[in-house]
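First comes the structure, then the notes that go with it.
The values are calculated or read from the model by the stated rules, or taken from the named source; none is laboratory data. Note that the structure is a prediction, hence the values are computed from the model and not measured. Backbone-built Cβ (ideal geometry, glycine too); neighbour counts: all protein chains shown. What goes into the accessible areas is simple: the full protein's heavy atoms, side chains included, and nothing from ligands, DNA or RNA. Shrake-Rupley method; radii C 1.70, N 1.55, O 1.52, S 1.80 Å.
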Amino acid sequence: MFLEHSVIIFSYFFHLFVCSVLVRIISQRFQCYKQLDAAKKKQWFMRWTSVFHAVLVTALGIAIVINVTAKYSVEDYTNWFGILGRINIAWSIGYMLHDLVWMMIFRQKVEATLPSYLHHIVAIAAFYLCLYFHVLLYYANFRIITEFSTPFVNIRWMLSVTNRKDTKLYFYNGITMTATFFIFRICMIPPLWVSVCYVMQTTSYKESVNIFEHVGWLSFSVFMDLLNIVWMYKMVKGVLTFINPSSSRRLRDDDAVCLEEARSSDELVTTVTPD
């Protein structure tokens, strides 16, 4: 696993540089950033780093899934171990390790929550198991696609803290965020589990996946899907309240960005779901 470990380490320090140095330097050019307090600036760094990571791994993840689905049969999904798929997952592990450490260090300043910690820990564990045992890498990359909605979640937070909640950009970004979250995190659940059911009946799966791996990846997958459903419920509730303020008072800042936790996954990510 020399390649995978090398990518994880490089990714960790690369995202540390982006978060601690690059984003800070670029942000100095914008007045809206300068008006933020110290705690908000810490989150600002994290979220722009999250956006960069999400765009990169989602694009590669989509390309990988389309290619593998088109060229390989279901029988091959268990043991497919392409180099780009390995790099993509290792890169995400490095990012999530960085993000997890950042949350542990700055805790209250970045408003780290228990679901965020759990999301990162579960995703890191599941992704690493795929690389270590050389199985189910196809589904790990499938999970990465759920990060498609992460940039919109982060942009919503940025618009909120820079007092742009009354702009059209904020409104349309919120609609896009909800739509992409629903499409890539909720709508993909049924077909994904159908695929998993077919894969578990193949000879390659029965011969390559032991009971530990079997229970582990299914448990991780169920946890991530349930977490996404909870986040989707909160998001829809927030959007409906924003659109129809007469039915309930307008969202407070925290409620307006309740889905911000979903980075990794951002955040993330996103895990070896049957994806």
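Is it the case that segment 124-136 has a residue that's under 12 Å from the mean Cα position of the chain (by Cα) and closer than 24 Å to L218 by Cβ? Talk me through it step by step, then tell me what you get.
Step one: filter segment 124-136 for residues under 12 Å from the mean Cα position of the chain (by Cα), giving 124.
Imposing the further condition that a residue be closer than 24 Å to L218 by Cβ reduces the set to 124.
Yes - at least one qualifying residue is present in segment 124-136.
Name the residue, out of L131, L100, that is under 29 Å from Y12 (Cβ atoms), buried (at least 21 other Cβ atoms within 10 Å of the Cβ) and modelled with pLDDT of 90 or more. Let's see the steps before the verdict.
Working: L100 fails: buried (at least 21 other Cβ atoms within 10 Å of the Cβ).
After ruling out the rest, the residue left standing is L131.
From the list E213, E207, which residue is open to solvent by 70 Å² or more (accessible area, probe 1.4 Å), among the charged types (D, E, K, R) and assigned to a helix (DSSP H, G or I)? Talk me through it step by step, then tell me what you get.
Numbers: E213 fails: open to solvent by 70 Å² or more (accessible area, probe 1.4 Å).
After applying the criteria, what remains is E207.
Please enumerate the residues belonging to segment 190-202 that are open to solvent by less than 80 Å² (accessible area, probe 1.4 Å) and touching a residue at least 40 places away in the same chain (Cβ under 8 Å).
Scanning segment 190-202 gives L192, W193, S195, V196, V199, T202.
Out of the residues in segment 104-131 that are part of a helix (DSSP H, G or I) and free of Cβ contacts under 8 Å to residues at least 24 places away in the same chain, which is nearest to E213 (Cα to Cα)?
First, the residues of segment 104-131 that are part of a helix (DSSP H, G or I): 104-110, 114-131.
Narrowing further to those that are free of Cβ contacts under 8 Å to residues at least 24 places away in the same chain: 104-105, 107, 114, 117, 121.
Values: M104: 28, I105: 32, R107: 32, L114: 25, Y117: 22, I121: 17 Å.
Looking at the filtered set, the residue picked out is I121.
In segment 139-185, which residue that is assigned to a loop (DSSP other than H, G, I, E, B) and either among the β-branched types (V, I, T) or out of contact with any Leu (no Cβ under 9 Å at 6 or more places or on another chain) (or both) is surrounded by the fewest Cβ atoms within 10 Å (Cβ to Cβ)? Please lay out each step first, then the result.
Step one: list which residues in segment 139-185 are assigned to a loop (DSSP other than H, G, I, E, B), which gives 162-167.
Remaining after also requiring either among the β-branched types (V, I, T) or out of contact with any Leu (no Cβ under 9 Å at 6 or more places or on another chain) (or both): 162-164, 166-167.
On the way: T162: 18, N163: 11, R164: 15, D166: 8, T167: 12.
Among those that are assigned to a loop (DSSP other than H, G, I, E, B) and either among the β-branched types (V, I, T) or out of contact with any Leu (no Cβ under 9 Å at 6 or more places or on another chain) (or both), it is D166.
Being in a helix (DSSP H, G or I), free of Cβ contacts under 8 Å to residues at least 40 places away in the same chain and open to solvent by 20 Å² or more (accessible area, probe 1.4 Å) narrows it down to one residue among L226, L218; which is it?
Working: L218 fails: free of Cβ contacts under 8 Å to residues at least 40 places away in the same chain.
Going through L226, L218 in turn, the sole match is L226.
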